[in-house]
1. Scan segment 315-420 for GluC sites (Glu not before Pro) in coil per DSSP, keeping those whose Cβ has at most 10 other Cβ atoms within 10 Å, and list them by number.
2. If you filter segment 503-611 for trypsin sites (Lys or Arg not before Pro), then keep DSSP loop positions with at most 11 other Cβ within 10 Å, what is left?
3. With a cap of 16 neighbouring Cβ atoms within 10 Å, and only residues DSSP puts in a loop, list the trypsin sites (Lys or Arg not before Pro) found in segment 225-268.
4. Report, in debye and to the nearest 20, how large the dipole of segment 377-489 comes out about its Cα centre when Lys and Arg carry +1 and Asp and Glu carry -1 on their Cβ.
5. Let a ≥ b ≥ c be the square roots of the eigenvalues of the Cα gyration tensor of segment 455-611; is it rounded (a/c under 1.5), or, if not, prolate (a/b larger than b/c) or oblate?
6. I need the calculated FRET efficiency for the pair Arg460 and Lys342, taking r as the beta carbon distance and R₀ as 41 Å, to the nearest 0.05.
7. How far apart, in nm, are two points set 7 Å out from the Cα along the Cα-to-Cβ line at Lys382 and at Lys52?
8. Using a 1.4 Å probe on the protein heavy atoms only, what accessible surface does Met500 show? Give it in Å² to the nearest 10.
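The values are calculated or read from the model by the stated rules, or taken from the named source; none is laboratory data. All values derive from a computational prediction rather than experimental measurement. Cβ placement follows ideal geometry from the backbone for every residue including glycine, while neighbour counts extend to all protein chains displayed. Ligands, DNA and RNA are stripped out before the accessible areas are found, and what is left, the full protein with its side chains, is counted by its heavy atoms. Shrake-Rupley method; radii C 1.70, N 1.55, O 1.52, S 1.80 Å.
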Amino acid sequence: MAAEKTPGDDFGALSKLLNQSRNEADNSKVRSILDSGLSLEEKIQKIQEIDKKNRKNTTAARLKNSMEHAEKVSRRKGIDSGSAEPQEAFVTENIPEEQTASARQVYREVRKNQVDIKAFITPKSFLAFFFSDYRDIKQFGIKTQIYETGAFGIKLNINPNMGRHFSEVLQQKLAKPLKDILQELLKTSWLVLDKKHYNMLVMLNKHCEALIQVDFLRLDYKNKKLIDKLSTLERSFLLLHHKPEVPSEIIECFDLILDKDPKLGDTISRAVNFTKQILSRDLLRPSLYNLLLGLNIVKNRSMIELKDLILPVQPLIYLDDYDCSAQIKKDIDQYLNEVEKKLGPNLKELEDLIRTRVFLPADENGNLNFAQLEQFYSRERKNRKPNFTADQENMIRFTQSLAGMFDESYSAVLSEQIEVQDFGKVALFASGVFSSELDRLRLKEDRLEKLLFQLPSFPRNRFINLKSTGNTSVPAETEALHEIADIISILHSAAKRIAMVMRNRMPVPEEENSDWKPINNVHLQKDQIAIPFENKPILAPQEHLGKTVLQVLQEFCYTAYQAAAFCFDNEINVLLKKEKNLKGDLDGLLEIYKRIATGFAFDALRNKYKL
């Protein structure tokens, strides 16, 4: 058995009907029905008939709303103090010409999203407002002082006394001094901030400009749609609140600038204070936050929050370049040119270091491994009984033996003839390429042999100490240091030239080996050098039997470079000492360039220097 209907049921049904959204025409009909002398049940029936007709047009109504919103977005107009603002005043097309098509598209998308940030709010009917949101809306007005309820507590009247407050406090005491500070900071803060944080300050600066342009004393506070005349101000404010964390990120921008320049402490403190008061909801009473929110509430007769006004569109901040004036852009480009000029020498040194490091393996702790040098030095040779460890007790003997071993092992390869498979005796290098180095090497070897009689003991520890301090009172030690350095320099110089030949070598077809010509000094000046017979096994001298020409040249480089590092060649020693700082400096310069330059410019730099 159905429960008996009570008057409370009718009142509940009427309340539910009044909470439904209708167009203004239907709302007028509903109000006429409510004011009539019909019974409660008859009023419900009449309203239901109106809603039944309304449901048939629901799809059409939605389409109309969408079209109105699309038209509004497409116009993208903003009106401040009654004057129309064209789209171009807010959306700039300052897109660098060198940008890629993709970057330019993102730039335009960001600008479009900034214009379209406000969500479309469907106004509530009077009855829905009165029976649903009225209590919360009234409390908001009392708390924020943005509007007050009119006769019978129903009408919403915007508080006309706010104008002086916003003019004297918000504009004169906050926005104008903050704008002055921001314009100075933006001239150089790109040196500190990445593009995201810099462009946040630009957004804040634009908001200050929009705020200053409003004539709060002359606004028509009787206009329930006053918010439509503040679209530029509203839009810039919404951009600064498009995510809950944006205001705190803006404060972080100021902190980053202060970290780099503590002398700006007072200026930054004032900027932070001004920013918080302009953006916060409750630090001012009434606040700009509540003004913009309250005007939207008055227009739409709906209790909304700021987040309801923001469309979830992304991106809203351009991340690939600084949004700055032409003069600041010029300063940025000049700075990047200076950074690139510093990169050149660093890259040259790094290239030299890498080329050197190829032949100087190290363990995980960075200690050089001299295994190749020790293996070469310890080979059994006619009339020599070398001992890599014991011979270091006298570096004169060690270096003299090393010079003789290089002469014996590589003179045929560098300046005479070797025998290779299928081709017999051939010369890899013309006689004038390395002959002078070999002659000097033999001369130095003879001088060291004579020094052995003057300085029979010259252990490596003493050698290292003198190399690092340069303090010696014994003439023989000074001469020994000089002669050892000359020998190592000769080996290092020859190794660099052979390493260059191997880097620049080009393949030689098998049939062309029969027409080979020895590599001469002219060949060494070219970017591409052919090494004849590079993959042919050597038959003589016996020491290199079975190895290919290329393997022997590589072995010479490894051994000579390790000998130079072992004996503290000045050039290698300086290069290795600079290794850590060099990489740090280079990484620092590249990080600066990457942070400041556009992605397109950074990629161009990497391609230019093959990074």
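1. Glu364, Glu380
2. Lys526, Lys610
3. Filter output for segment 225-268: Lys225.
4. Its charge dipole is roughly 340 debye.
5. oblate
6. The formula returns an efficiency of 0.60 here.
7. The answer from the label model is 12.4 nm.
8. Here the residue's solvent-accessible area equals roughly 50 Å².
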